[in-house]
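Pasting a structure below so you can have a look.
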Amino acid sequence: MKFKRYRVAASCFEPDLNHTIDKRRELLRIHVIELLKEQSPDLLVLPETTIVPDFDKHNFCASESISGPTVQMASGISKDFSTNICVSIIENDNGRLYNSTIYVNRSGSVAGKYRKAVPTSAERNLGIRPGEALQQPIVLDGMRIGTAICFDCNYQDLLWNYISAGIDLMVFPSYTYGGKLMEFWAFSSGVPLICAFPWESIIYDRDGNILIQAGTRTSTVEFGFHPRWIACTLNLESRIYHLDGNQLILKELFARYGGKIDVKLMEHDGRMMITVVSEDIDIDQLEQEIHILPLQKYLRESRIC
């Protein structure tokens, strides 16, 4: 099934560090169910090390396996609500520790995982190992999803790995702000990016602009007027293209499709964004009819040459 609209949510769940891990997990379960009942997202992203941001204070970094209680909880909720959940844990794989993000699909099955490629020196000192540098996108609902965790955002080779593989969406579980670095990742790859961080979650559009942001340090949230999550609907009938050569087809584009499309020029960055606003066509059909390459494919082909 091809989605034209895709609803995504980023949780700002922040556990009380005075609670036991079991209590935190139970409160997370309540939080996630409330969020899903209200927002009905296709994909929910939870923050980095979701219930153990203080993992350095616990034996074995409060690690658990992928078949452990946190992922099992997410699996049950995903199945009950027929949604996808991205939850992060300190993964214990036969005694080897990783800072991992686990994707659970609508049927409650683990669809894949991403291991933080570049743990900080403090994490390494605690025994947390780096994941592989070139990890493949996770496929959910037919979409290819790239992942980076917190400190990973400093390493642009990881970004090129996803552009080279081809992705439709980026996910960034974090324990720091998204900021300019994550804006750059969204803009450079030309796909929406979901940053989940308790203090301020952000969802960026494919042109790097912010669609929505809030968190526990946002006064409206802090005062209890807004829930501890953000959500919005992404338009998947929108893509980024390089201006090289494509400026020549703009007149044909407008003559053929007229009010069925919106075109946003980003001339200083050599790009444009085309958004289909009619039910009569879709973005794949448009690309085939006018022979235009989306940004990632154009970058890949240019680098090969």
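What follows is calculated from the coordinates using simple rules that are stated; it is not laboratory data. Predicted model only: the values in this text are computed from it and were never measured. Every residue, glycine among them, receives a Cβ derived from its backbone with ideal geometry; neighbour counts consider all protein chains shown.
With a 10 Å cut-off between alpha carbons and a GNM built on the chain, which of SER164, SER40, SER121 moves the most?
It is SER121.
In percent, how large is the relative contact order of the stretch 5-235, given Cα pairs closer than 8 Å and 6 or more residues apart?
Contact order relative to length: 21 percent.
Over the Cα atoms, compute the radius of gyration (one decimal) and Dmax (the largest Cα-Cα distance, rounded to a whole number) for the stretch 238-304, in Å.
11.6, 36
Below 11 angstrom from the Cβ of ASP207, what's the summed charge of the other residues (Lys, Arg +1; Asp, Glu -1)?
After counting each charged neighbour, the total is +1.
Here's another thing I want to ask about it. So what is the calculated 222 nm ellipticity per residue for the chain, using -39500 (n - 2.57) for each DSSP H run with n of 4 or more, over all residues, to the nearest 500 deg cm²/dmol?
It lands at -8500 deg cm²/dmol.
Counting other C-beta atoms within 10 Å, which of ARG106, ARG228, ARG239 has the fewest, and how do the rest follow?
So the residues, fewest neighbours to most, are ARG106, ARG228, ARG239.
What is the diffusion coefficient of the stretch 5-235 in µm²/s, taking the Kirkwood radius over Cα pairs and the Stokes-Einstein relation at 4 °C with a viscosity of 1.567 mPa s?
Translational D for this selection: 75 µm²/s.
Using Cα positions and a limit of under 18 Å, work out the lysines in reach of LYS251, with same-chain residues fewer than 8 apart set aside.
Output for LYS251: LYS260, LYS264.
For THR176 and GLU34, calculate 0.36 nm times their separation in residues minus their Cα-Cα distance, and state this gained length in nm to one decimal.
Numbers: separation 142, 0.36 × 142 = 51.12 nm, distance 2.43 nm.
Length gained, THR176 through GLU34: 48.7 nm.
Based on the Cβ-Cβ distance from ASN209 to HIS268, what FRET efficiency comes out when R0 is 22 Å, to the nearest 0.05?
With a Förster radius of 22 Å, E is 0.95.
With θ set to phi - 60°, apply the Karplus curve 6.51 cos²θ - 1.76 cosθ + 1.60 along the stretch 101-111 and write out the HN-Hα couplings as whole Hz, x wherever there is a Gly or Pro.
10, 10, 9, 10, 8, 4, 8, x, 8, 6, 8
Next question. Hey, with R₀ at 41 Å, roughly what FRET efficiency would LYS260 and SER82 work out to, going by the Cβ-Cβ distance, to 0.05?
0.80
When the Karplus curve 6.51 cos²θ - 1.76 cosθ + 1.60 is applied with θ = phi - 60°, which whole-Hz ³J(HN,Hα) does each residue of the stretch 199-213 get, with x for Gly and Pro?
Taking θ as phi minus 60°, the curve returns 6, 6, 7, 9, 10, 9, 7, 5, 9, x, 6, 7, 8, 6, 8 Hz for the stretch 199-213.
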